[in-house]
Amino acid sequence: MTAPAIETTGLARHFGDKRAVDGIDLDVRRGEIFAVLGPNGAGKTTLVRMLATLLRPTGGSARVLGHDIEREAREIRRKISLTGQFASVDEDLTGYENLLLLSRLSGLKGSEAKDRTMGLLAAFDLSDAAARQAKDYSGGMRRKLDIAASLIRRPELLFLDEPTTGLDPRSRNQVWDIVRGLAASGTTILLTTQYLEEADQLAGEIAVVDHGRIIARGTSAELKAKVGGGVLQIHLTSAERREDASRILSDMLVGEVRASGNAASLNVDVADPAAGLAALGALSAAGIALTGYSLSQPSLDEVFFALTGRPPEPENGQESGKDDATDSEAAL
Amino acid sequence: MSEMTKPLEQAAQDAVLSAPAIAPRPPRPVSVSLTYAWRALLKIKHMPEQLFDVVVTPIMFTVMFTYLFGGALAGSTDAYLQFLLPGILVQTIVFTSVYTGFTLNTDISKGVFDRFRSLPVWSPGPIAGAMLADVFRFTASGVIVFIIGTLMGYRPEGGFIAVIPALMLMNAFALGFGWIFTALALSVRTPSTVMTLAWLVLMPLTFASNIYVDPATMPGWLQAVVSVNPVSLLVSAIRDIMAGTPDAGAILLALLAPGLIAAVFGPVTMWLYRRER
């Protein structure tokens, strides 16, 4: 009986000649975390803004929680919360004032609004910073305040637009914990991200977008089956042994061995960690010394390479995968 | 999954589950506007310098014109100050009216507006609230300039009480006039563009007026311009009020332009505001 959280058909938004979103069909079930994965400029934010009724589509249609995004915007606004890409807190106000403002605008009165504000500040570990202006907050604190501001009422559907972009790893982990907690409470979440690892950690289902279109879709496991399980990166003590190392890796592993930016480094896709470990053993047996290795999730660049045969647009490609190689960094 | 739930994870879950039940009826427009006005006042509280920014120029002009040119223009600095101060009050409040547009554009460029717009409340609330707060801003900056004038020796013939109707008239003028700048704010990209363009409007409006000198000595064509300048019309009405001889005709004439501006730029602003970006 209940309508899906999100249903779109050919949803599009063109800005003049630029096709920011170019025909997206999406269906998001209630209660799940759905990730929209893509590089900068892929149309993620435009998609979210349309679904959150901030932007009118130029084509196609969409229903959010059973309501049409064009004709029933007000109904949708009652049921959703949006945490925008750039922390949409008022920097001039204190954390306390920010939440009190939104509590009042949500219809809470007097002491109810104050209680909710204090409760949220405490829940997100911001009580000590309550009296400070948000412009003095760290990126992580700002994000937490921003998410708290989305939870004054209980949203049926929460949009998180790139919730961890620009955060340090510790803050990122905190945001992930928060997102998991929200999902455990039954809130449907649509999040956008540039990190496959983030989508993998949080989302039940992932849609990969590029140039305003969905180019792949599925669970994290399905996507990884297409892309490859992960990337083994090795750093050689000496670049002279690169040829040998490359040959050994090619023999041991299915994936193509790729040169990395550094002359003494190599990247290779591995289907599972055990295969990677075996390959490392073979290198060691051949007497090839390493200064380090890492086994990481494929970065967005690699996902794109696997799906489209080309990296994402050069203007955004460099940054996107940077934070992904943190899984199992180790020095030999 | 036997892993223990992390504190933040638990806290986030509890935060959602403990959300208070909210009446299905969202807050009414009046309460929404008052809440946004409260927000604007909080900003003045955190940054009181924004009030001083807008009075620095008028105070500088008052001091400079009075002591440099006052004697030459009006025979004595005292006599000139009596003439100048009502005009400077008007200039102050006209300058201040740019701020609604400036803050509106700042909000939009910072992204906080996306959140406001995604709320199920009366959508013109942020603009209505900003205008309510402007009444405070206009009054405060007017009072600051008036106090400085008084310290320099200005004495309204109509008594100090005359400043109250004068401030009311200036508020009415500025609230109407300010719609030009809100419309401008919604049409340009950055707050500094709002300021730059606003100055292009404000400089001729305040200089080609009767604020600083009696237009009797100006060339005929300029006198014609000055006499229809809305700022001149307001200054004339304010001078009458401060002199204790308020003139209903002059007051109505002063309100004509801001009334027209509100009638044109009010709907334009709302259209631009609702237009999805």
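The set of residues in the range A:28-58 that are within 10 Å of chain B (Cβ to nearest Cβ), in a loop (DSSP other than H, G, I, E, B) and crowded, with 24+ Cβ neighbours inside 10 Å comprises A:Ala52, A:Thr53.
Residue by residue, here is whether (1) within 30 Å of A:Ser81 (Cα to Cα); (2) within 14 Å of chain B (Cβ to nearest Cβ); (3) out of contact with any Phe, Trp or Tyr (no Cβ under 9 Å at 6 or more places or on another chain) holds:
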{"site": "A:Thr187", "(1), (2), (3)": "yes, yes, yes"}
{"site": "A:Ile206", "(1), (2), (3)": "yes, no, no"}
{"site": "A:Arg217", "(1), (2), (3)": "yes, no, yes"}
{"site": "A:Glu222", "(1), (2), (3)": "yes, no, yes"}
{"site": "A:Val227", "(1), (2), (3)": "no, no, no"}
{"site": "A:Ile234", "(1), (2), (3)": "no, no, no"}
{"site": "A:Asn267", "(1), (2), (3)": "no, no, yes"}
{"site": "A:Val270", "(1), (2), (3)": "no, no, yes"}
{"site": "A:Ala289", "(1), (2), (3)": "no, no, yes"}
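Return yes or no: is A:Arg77 surrounded by fewer than 17 Cβ atoms within 10 Å (Cβ to Cβ), at the interface with chain B (Cβ under 8 Å from one of its Cβ atoms) and on the phi < 0 side of the Ramachandran plot? It is false that A:Arg77 is surrounded by fewer than 17 Cβ atoms within 10 Å (Cβ to Cβ), at the interface with chain B (Cβ under 8 Å from one of its Cβ atoms) and on the phi < 0 side of the Ramachandran plot.
Only a single item in (1) within 14 Å of chain A (Cβ to nearest Cβ); (2) of a type outside the set (Val, Ile, Thr); (3) surrounded by 18 or more Cβ atoms within 10 Å (Cβ to Cβ) is not met by B:Pro29, and it is number (3). For the range A:143-154, the tally of residues that are buried (at least 21 other Cβ atoms within 10 Å of the Cβ) and either closer than 23 Å to A:Ala203 by Cβ or in contact with a Cys (Cβ under 7 Å, 6 or more places away or on another chain) (or both) stands at 8. Residue-level check: of (1) outside any loop (DSSP other than H, G, I, E, B); (2) closer than 21 Å to A:Ala199 by Cα; (3) in contact with a Ser or Thr (Cβ under 8 Å, 6 or more places away or on another chain), A:Ala62 misses just (2).
Of the helices (runs of 4 or more DSSP H) lying entirely inside the range B:182-277, those carrying at least 2 residues that are buried (at least 16 other Cβ atoms within 10 Å of the Cβ) and either among the small types (Gly, Ala, Ser) or touching a Lys or Arg at 6+ places or on another chain (Cβ under 6 Å) (or both) are B:230-242, B:248-274. Consider the range B:71-117 and keep the residues that are surrounded by fewer than 21 Cβ atoms within 10 Å (Cβ to Cβ), more than 19 Å from B:Ala216 (Cα to Cα) and in contact with a Ser or Thr (Cβ under 6 Å, 6 or more places away or on another chain). The one that is nearest to the other protein chains (Cβ to nearest Cβ) is B:Gly111.
Residues in the range A:92-115 that are more than 7 Å from chain B (Cβ to nearest Cβ) and closer than 28 Å to B:Asn105 by Cβ: A:Thr94, A:Gly95, A:Tyr96, A:Asn98, A:Leu99, A:Leu100, A:Leu102, A:Ser103. A:Ser265 fulfils the conditions (1) farther than 26 Å from A:Pro39 by Cβ; (2) at pLDDT 85 or above; (3) touching a strand residue (DSSP E or B) at 6+ places or on another chain (Cβ under 8 Å) except for a single criterion, (1).
The values are calculated or read from the model by the stated rules, or taken from the named source; none is laboratory data. All values reported here derive from a predicted model rather than from experimental measurement. Methodologically, a virtual Cβ is constructed for each residue, glycine included, from the backbone with ideal geometry; neighbour enumeration extends over all protein chains shown.
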